[in-house]
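A.B. asks: There's a structure below that I have some questions on.
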Amino acid sequence: MGIILEAKTNFSGASNNLVAFLNGAFRICAKKMPRRISHSRVYSVIKAAECFPFGASIKDILAVPMMRGTPKRTLQRDLDRLVQAGRLTLKGKGRATRYVIPFEEEGSTSILREEPDSFTGDKPWLSPEGRRIRYLVQRPRTERIPVGYKSDFLDAYQPNRTFYLPAETRNELAQFGYVGADELPPGTYLRQVLQRLLIDLSWNSSRLEGNTYSLLETERLLHLGEAAEGHKSEETQMILNHKAALEMLSDNPAGVGYNSHTICNLHALLADNLIHDPASCGRVRSRPVGISGTVFHPLAVPQLIEEKFEQILWVANEIENPYEQAFFVMVHLPYLQPFEDVNKRVSRLAANIPMIRHNLCPLSFTGVEQKDYIGGLLGVYELNCIEYLRDVFVWAYKSSANQYIGVKETLGSPDPFRLKYRSEMTRFIGEIVRKQMNQLLAQEWTTAEACKSLPKDDRDRFQEVIRIELEGLHSGNIARHRLRLSEFEAWKNNCQ
């Protein structure tokens, strides 16, 4: 307005045409000058865009509860001004246009400045992307957008072309997981560490479900069959189910894999006596389910659930890298929720299948905090972002590998003869214990049976191995011979 008044003063004698020209020029300039957006509007638009880490369309932003009722043209102008100010970046063109919050490294003045200070100093293994997702999923549920299952998330994955784990990470994990047993039969290394893994994985996986058993109580339960006092029966059952499921994987390591038989039987063992309908154990669900603590709604159409379940298994089988395989399953089995319950437990044990088959260090989830594991899954459920869960997986595997590498160094190299006859040893010892044979009867029976099924040159040594195994048999190592505690105690009391 000052320009116009000055023009009228300085050119009071000028023609009306000149004054009209100057006034028109001012109006044109005024139209081109962007208006200032209020702080509340900036906050609302930025918070809405923040719900979509990989970019939001105008339609996406208008669907956010706090933006409902905003005129589309108003939002378009606000977005344009925020792009000009550098608060948002523009990706794509036309219908593919997306508005993305510029992601900056820690210490910058990006939108992450609103993350609580307590988040930024802990968990040094969390990547900037992981921290960003953690911040998004820890907001109140009212600020998170309800979402359903998105088939595109799975469909976009192309085995051995798409990778959730970068090449550098895969190579790093390979160094941590290698135990020098890659040329031995599948499951060789698992059998070496089975007794310890039964305790570690059963306890840690149960702990992630809220189980309150201590590590020592878990050890007593699995070794001595003593249930701890002061705990719910469901907690005891959960730990015993983990033991049974892990023993199933170790029983026939060459035969387990990412197929419906293996995964459904894993579920049947893990869910045994824990879900309302026993017939649902090991069966892909045919009814809707809900997940507490999230705004994600799983797929509800039975035919699609079955179809996606088979697709997940097919893709997993096609993946060549064992670590990528394991993480892919940890992402997509819980996301689909193929069973009525116990899906996360199935995914954690199924993640160990490549480790078992390739004789790699197992994944026991040692030290993983429940809030990080659940937060990582919420990032998958609500945002289809895997970075937070990926950080948890990588840190957990390194922690587990360090633990089991130490175990391996105390075990020495496996005996090739015992490897060759491991199935026969389990069968012979199981028969002797279950039929409660004393020392003399066991020796006679072993000699007779060995003559029927073993080469002549191996019989004497085999009998000696059986004798040593029987002498060293105790409640803490009966699992490797598929014996129950009651069977062992009856044999011990009656025959020794």
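A.B. asks: What ranking, highest mean first, results for peptides 272-278, 287-293, 209-215 when packing means the other Cβ atoms within 10 Å averaged over each residue?
C.D. replies: On the way: 272-278: 13.1, 287-293: 11.6, 209-215: 15.3.
The peptides rank, most packed first, as 209-215, 272-278, 287-293.
A.B. asks: OK, next. How large, in Å, is region 37-102 by the Kirkwood hydrodynamic radius built from its alpha-carbon pairs? Show your work: numbers first, answer last.
C.D. replies: Values: mean 1/r = 0.0864 Å⁻¹.
With all distinct Cα pairs of region 37-102 included, I get 11.6 Å.
A.B. asks: Would you work out the relative contact order for region 416-495, in percent, from Cα pairs under 8 angstrom that are 6 or more residues apart?
C.D. replies: 47
A.B. asks: Which of the aspartates and glutamates could a cross-linker span from Lys59 if the Cα-Cα distance has to be under 18 Å and same-chain partners fewer than 8 positions apart are dropped?
C.D. replies: Candidates past the 8-residue exclusion: Glu50, Asp78, Asp80, Glu143, Glu382.
A.B. asks: Taking just the alpha carbons, could you work out the radius of gyration and Dmax for region 381-496, both in angstroms?
C.D. replies: Gyration radius and largest Cα-Cα distance of region 381-496: 20.6, 66 Å.
A.B. asks: Next up: Listed highest first by mean packing, meaning other Cβ atoms within 10 Å per residue, what order do 382-393, 151-162, 313-324 come in?
C.D. replies: Working: 382-393: 23.2, 151-162: 12.5, 313-324: 18.4.
Going by the mean number of other Cβ atoms within 10 Å, highest first, we get 382-393, 313-324, 151-162.
A.B. asks: Averaging over every viewing direction, what projected area does the convex hull of the Cα atoms of region 160-282 cover, in nm²?
C.D. replies: 9.9
A.B. asks: In addition: Distance cut-off 24 Å, Cα to Cα: go down the list Lys456/Lys492; Lys47/Lys344; Lys232/Lys371 and report the pairs above it. List each step's numbers first, then the result.
C.D. replies: Working: Lys456/Lys492 31 Å; Lys47/Lys344 30 Å; Lys232/Lys371 22 Å.
Over 24 Å Cα-Cα: Lys456/Lys492; Lys47/Lys344.
A.B. asks: What share of Cα pairs, in percent, lie more than 19 angstrom apart in region 423-484?
C.D. replies: Details: 450 of 1891 pairs.
The share of Cα pairs beyond 19 Å in region 423-484 comes to 24 percent.
A.B. asks: Counting only residues 5 or more places away or on other chains, whose amide H sits under 5 Å from the amide H of Phe296 once H atoms are built in the peptide plane?
C.D. replies: Val147
Read-outs: derived from the displayed coordinates by stated rules, not from any lab. Treat the numbers as computed from the prediction; the structure is a model and nothing was measured. Using ideal geometry, Cβ is built from the backbone for each residue, glycine included, and neighbour counts are taken over all protein chains shown.
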